[in-house]
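Written out below as structure tokens is the structure these notes cover.
Only the coordinates and a few stated rules stand behind these numbers; no lab work does. Note that this is a predicted model, so its numbers are computed, not measured. Please note: Cβ atoms are built from the backbone with ideal geometry, for glycine as well, and neighbour counts cover all protein chains shown.
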Amino acid sequence: MIHLDTSELQRWGGLLDSEAREVGRRIETAVAAQTMMVVTRAVAAAPSRTGALRGSVRPLGKGLRRRVRAGNNKAFYAGFQEFG
């Protein structure tokens, strides 16, 4: 009869799972920080005659699916300003 002790495998599996979650949290934090840096730089670079474009820059999304959007009803020209 052969007996296999799998308790160490289960322990290692738990450790790897917690490490994967921690890496995911760190990546999400970095993505959020980068998103806010883009927002800050976009606001600083936007022309400010009326302030409408600057006021329309905002972060969207959550987790790893974040993006920065500019423009609204008042600053409908954001895309033209960016892409010509």
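For the chain, the alpha-carbon radius of gyration amounts to 1.92 times the rule-of-thumb value 2.2 N^0.38 Å expected for a compact globular protein. Placing unit charges on the Cβ atoms only, positive for Lys and Arg and negative for Asp and Glu, gives segment 30-84 a dipole magnitude near 180 debye about its Cα centre. Remark: segment 66-76, residue by residue, has Karplus-estimated 3J(HN,Hα) of 9, 8, 10, 10, 10, x, 6, 4, 7, 10, 5 Hz, where x stands for each Gly or Pro and the curve is 6.51 cos²θ - 1.76 cosθ + 1.60 at θ = phi - 60°.
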